[in-house]
Amino acid sequence: MPCSMAETWNRFLQPGETLLWEGAPTPGAHGWPKIIGAPRRFRHALGTRCAYIATSRWTHSLESYPILPGTALGLEKGRHADRTRCDVLIGKDSDGDRSTSRISFDNIAGGGDVLRLFRSIQIGTA
């Protein structure tokens, strides 16, 4: 019997972490045509500690990004779908300066709800 998406995500969460949300880009958002039968290339998830982005094309990958109190968050509302973004700490350089990278959950429905989940992770109430 195939696993649900929630069961699949739970395999990759950190010990003690709980899945809060999972989703994929909205087909046909931003005027892009919906291709029948095309595989989804991106899946997004939020756990109680991290944001996760899974990609598949020729290979599969999964990246996780911790959501910290100082993580910058944002939301871009679209006509058909939204983009929720955050700037995550990826390390420090040799001078000790922090290095960040912007990640986003693109073309998702209900971006405002996802942003609220990001904020609840950030302040420790998730």
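The values are calculated or read from the model by the stated rules, or taken from the named source; none is laboratory data. None of the values given here were measured: they were computed from a predicted structure. Don't worry about glycine lacking a Cβ; one is built from the backbone with ideal geometry, like all the others, and counts go over all protein chains shown.
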Cross-chain or 6+ apart pairs with Cβ under 8 Å, segment 4-28 first and more than 15 Å from F105 (Cβ to Cβ), then surrounded by 14 or more Cβ atoms within 10 Å (Cβ to Cβ) and of a type in the set (V, I, T): E17/T48; T18/T48
Pick from segment 21-46, criterion surrounded by fewer than 17 Cβ atoms within 10 Å (Cβ to Cβ) and either of a type in the set (F, W, Y) or under 17 Å from A126 (Cα atoms) (or both), ranking: modelled with the highest pLDDT: F42
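Looking at segment 66-75, is at least one residue of a type outside the set (V, I, T), in a strand (DSSP E or B) and more than 15 Å from R119 (Cα to Cα)?
Keep residues of segment 66-75 that are of a type outside the set (V, I, T), which gives 66, 68-70, 72-75.
Among the residues that remain, those that are also in a strand (DSSP E or B) are: 66, 72-75.
Retained after the next criterion (residues that are more than 15 Å from R119 (Cα to Cα)): none.
Looking for residues that are of a type outside the set (V, I, T), in a strand (DSSP E or B) and more than 15 Å from R119 (Cα to Cα), one finds none in segment 66-75, hence no.
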Search result, residues across segment 98-122 that are in contact (Cβ under 8 Å) with a residue 60 or more places away in the chain and in a strand (DSSP E or B): F105, D106, N107, I108
Residue, surrounded by the most Cβ atoms within 10 Å (Cβ to Cβ), within segment 75-126, restricted to residues that are in contact with an Asp or Glu (Cβ under 6 Å, 6 or more places away or on another chain), more than 20 Å from T48 (Cβ to Cβ) and at pLDDT 80 or above: R83
